[in-house]
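Working notes, beginning with the structure itself.
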Amino acid sequence: MTQADFSTAGSASTHPGPGTVSGESPKAHTAILGGGPCGLYAALTLAKAGKKVVLIEKEEVLGGLARGHKRGENFYDLGVHMLHAFDQEVFETMRDIMGDERIEVDLNAKIKWAGSFYRYPLQFTDMVKGMNPFILFKCCAGLLAYQFYFKLKPRVPKDAEEALIQLYGRPLYEFFFREFTHRYWGFPPTEMSATFIMTKMPRLSAVDVIRNALAKIGIKGNKVEAVESALSKETLHYSRNGAEAMPRLVAGEIERLGCHVITSAEVSGISLDPDGKRVTGITYRNTKTGDESSVACENVISTIPIRSFAEAFGDALPDEVRQSAKQLRNKGVAVYGLLVNKEKAIDALYIYYRNHVFHRVGEPKNAGLTVNPPDHTVLIVETTCEVGDAKWNGEQSVIDQIVADLEAEKICTRDDIVETHLLRTPHGYPVFSLGFEPHLESVQKFIDGLENAQTTGRQGGFCYPNMHKAMRMGATAAEKVLGVTKESKEE
Ligand SMILES: Cc1cc2nc3c(=O)[nH]c(=O)nc-3n(C[C@H](O)[C@H](O)[C@H](O)COP(=O)(O)OP(=O)(O)OC[C@H]3O[C@@H](n4cnc5c(N)ncnc54)[C@H](O)[C@@H]3O)c2cc1C
């Protein structure tokens, strides 16, 4: 086994890779597990505070879900990723690090639903325009009736179906959400926890619906701009290389500050002190050679899937916690990146679909991505999958279905497609299956019982933050290690 060597850190903007030769003082102040937005931001926060950090990332390319791959002459995002500026501090940090590579993009996203396009996030006025009046009336009446009913008789929903009906009414649930949810997740809403709906789905308030309907006929309240229209005017942040730029530039800054970023290194073991109360070291495996290395650390911030983190404790993990960890599953993402011989394919940054093999098609060129040759475009076709299924394997039947669906939508034809690249990850979406909550609690409790370990981010927290929120989670974890509280920051 070899150990991470801090004497090489900071000397290059390339990542030294796993199994770096042992040095004099390999002990890290903090080991960060996972190099997605959360881990990178945690590492940056600690590196800026002068701490020796080692970041360990399984993939060859940094960025986690928000990474971009170069294939041939072009960059392909693992699902189109643009940064929101909702967290001022995070945004300013990224703006400074990205410098000239950052470009600004006006949000222009759509949903294709029942033959019409709607702006995303969904706006009531748009729904009115394209919808059959009878269905619209039924959906509105259902929304009002169900919200009124559950206000009078509040009830904790037993599953996602009941939660969706409480939020949107039965007609809208049956018209849109039932099939969409089933198709997206691969199992019906009756098998999904209500927690997902209650924490993730926007509330479509009956009062707002009436207010919007009145505004449409010219009767406007004196309320400041509604959240939905404010969102629809949002500016997003991207780069000419797509999602690839941000993690590369952040990692470069971490290394410039004297810290160590190790890629193609999968966390495989965690050592504890004799009392079993503190993490003392991390073992990681070179994903190319299989060699194992280790780094000693005073603290650990894990952003890798909470199940993988728990299982890395080996025999130190109590049996019941191991059983709980097994219940925390993820839905995979298989993205098909297409180089298309067309100047432009869709009139949006991305469009959501509810009845195709894909759920979203993005055209990052519309956000400023450089495409080679310039008269071609890149399409990012997103699907959810299970590891080992036909979508994960990129089977010809799936590609044929994708092409048929793209042709049906008049996005492009089979002959237009010049190259197809499959990008994928097993950890796209934490699955909130029925009854997952106590299992998450059990694993979290075990980790909380350690004095110097935290688990956070999308994978580590088993939750759904966007990039800026995942970065904020990384900053919070780093500040906890530094002993910085919110109050002391404000002083
Ligand atoms: C299709 C899609 C599109 C999205 N678009 C946007 C968007 O436009 N804007 C936005 O703000 N957010 C977007 N998001 C959300 C965004 O991807 C997440 O908020 C963000 O990636 C979470 O960062 P993270 O670091 O917490 O987790 P991740 O990005 O998942 O990073 C976890 C890291 O841990 C690594 N890892 C896993 N196991 C191990 C191991 N054993 N050892 C070492 N490393 C390991 C993984 O390889 C990964 O790099 C999107 C998400 C999806 C799925």
If THR420 passes every condition in (1) surrounded by fewer than 18 Cβ atoms within 10 Å (Cβ to Cβ); (2) part of a helix (DSSP H, G or I) but one, which one does it miss?
-> (2)
Output the residues belonging to segment 450-474 that are crowded, with 23+ Cβ neighbours inside 10 Å and in a helix (DSSP H, G or I).
-> GLY457, ARG458, GLN459, GLY460, MET467, ALA470, MET471, MET473, GLY474
In segment 42-76, which residues are closer than 29 Å to VAL361 by Cβ and more than 8 Å from the ligand (Cβ to nearest atom)?
-> GLU60, VAL61, GLY68, HIS69, LYS70, ARG71, GLY72, GLU73, ASN74, PHE75, TYR76
Starting from residues that are within 15 Å of the ligand (Cβ to nearest atom) and surrounded by 18 or more Cβ atoms within 10 Å (Cβ to Cβ), keep the ones in segment 4-19 and report whichever is modelled with the highest pLDDT.
-> HIS15
Looking only at strands (runs of 3 or more DSSP E) that fall completely inside segment 240-336, which ones have 1 or more residues that are within 14 Å of the ligand (Cβ to nearest atom) and over 29 Å from PHE432 (Cα atoms)?
-> 260-262, 279-286, 292-302
Go through (1) among the hydroxyl-bearing types (Ser, Thr, Tyr); (2) at pLDDT 95 or above; (3) within 16 Å of the ligand (Cβ to nearest atom) one by one and return the number of the condition TYR464 breaks.
-> (2)
Strands (runs of 3 or more DSSP E) (entirely within segment 344-399) containing at least 1 residues that are of a type in the set (D, E, K, R) and touching a residue at least 24 places away in the same chain (Cβ under 8 Å) | 360-362, 377-385
Scanning for something touching a Cys at 6+ places or on another chain (Cβ under 9 Å) and either closer than 17 Å to LEU434 by Cα or crowded, with 18+ Cβ neighbours inside 10 Å (or both), does segment 148-163 turn up at least one residue?
-> no
Going by the conditions given, is GLY218 more than 30 Å from PHE436 (Cβ to Cβ) and modelled with pLDDT of 95 or more?
-> no
Strands (runs of 3 or more DSSP E) wholly inside segment 20-108 that include at least 1 residues being crowded, with 24+ Cβ neighbours inside 10 Å = 28-33, 53-56, 68-71, 74-77
What about THR289, is it over 30 Å from TYR184 (Cβ atoms), touching a Lys or Arg at 6+ places or on another chain (Cβ under 7 Å) and surrounded by fewer than 18 Cβ atoms within 10 Å (Cβ to Cβ)?
-> no
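Go through segment 183-195 and count every residue that is in contact with a helix residue (DSSP H, G or I) (Cβ under 6 Å, 6 or more places away or on another chain) and part of a helix (DSSP H, G or I).
Applying the first criterion (in contact with a helix residue (DSSP H, G or I) (Cβ under 6 Å, 6 or more places away or on another chain)) to segment 183-195 yields 188-190, 192, 194.
Cutting the leftovers down to part of a helix (DSSP H, G or I) gives us 189-190, 194.
So the answer is 3.
The values are calculated or read from the model by the stated rules, or taken from the named source; none is laboratory data. These numbers come from a predicted model, not from an experiment. In this analysis, Cβ positions are derived from the backbone assuming ideal geometry, glycine residues included, and neighbour counts consider all displayed protein chains.
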